Amino acid sequence: MHELYLQREEERDAEVTWEDQQRINQFSRLNIRLENLEDEYKGQKTEKEYLDDLATEIELIDEEELVPYKIGDAFIMLSLEQAQARVERDKAAIDMRVDELDSQISAITTEMDELKRALYAKFGQAINLEKS
């Protein structure tokens, strides 16, 4: 009981300096950025799955048929060869974007871990930096 009281007393005595507040603000900004990147990452992965399914479906189409291909909100009619080329190009672009996002997520996570260590070292249990 006495130990618990000391911990709470220590938590109350931790003064928040301007630098500490800047670290907390930076952590918050990084956390928001991380959530946005993770959402985009999931969206890109889903889009990649759709394109993989589309590539499989296109293989079953007769070579003389035109393929409706969605660009933005409109569909254009492409030859089978053009549609296959477009799918492969779009898949490559998504793969590049997923790699970029993965790299950014990793860098942000590393920076957030460093900020967590510094803030937890000073404030202990008085600060919560975990996702709820």
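The values are calculated or read from the model by the stated rules, or taken from the named source; none is laboratory data. These numbers come from a predicted model, not from an experiment. Ideal geometry is used to build each Cβ from the backbone, glycine not excepted, and the neighbour counts take in all protein chains shown. Just the protein is used for accessible areas: all its heavy atoms, side chains included, with ligands, DNA and RNA removed. Shrake-Rupley method; radii C 1.70, N 1.55, O 1.52, S 1.80 Å.
From the list PHE75, PHE123, PHE27, the lone residue that is in contact with a Pro (Cβ under 9 Å, 6 or more places away or on another chain) and among the aromatic types (Phe, Trp, Tyr) is PHE75.
Taking the criterion of being touching a residue at least 60 places away in the same chain (Cβ under 8 Å), open to solvent by less than 70 Å² (accessible area, probe 1.4 Å), over 22 Å from ASP20 (Cα atoms) and not aliphatic (A, V, I, L, M), the only residue of segment 91-132 that qualifies is GLN104. Select from segment 35-71 the residues that are aromatic (Phe, Trp, Tyr) and in a helix (DSSP H, G or I) and write down the one among them that is surrounded by the most Cβ atoms within 10 Å (Cβ to Cβ). My answer is TYR41. Of all residues in segment 41-70, those that are free of Cβ contacts under 8 Å to residues at least 24 places away in the same chain have Cβ atoms under 8 Å from Cβ atoms of residues that are among the aromatic types (Phe, Trp, Tyr), 6 or more apart or on another chain, in PRO68/PHE75; TYR69/PHE75.
With respect to ILE32, is the statement that it is buried (at least 16 other Cβ atoms within 10 Å of the Cβ) and assigned to a helix (DSSP H, G or I) true? Answer is no for this residue.
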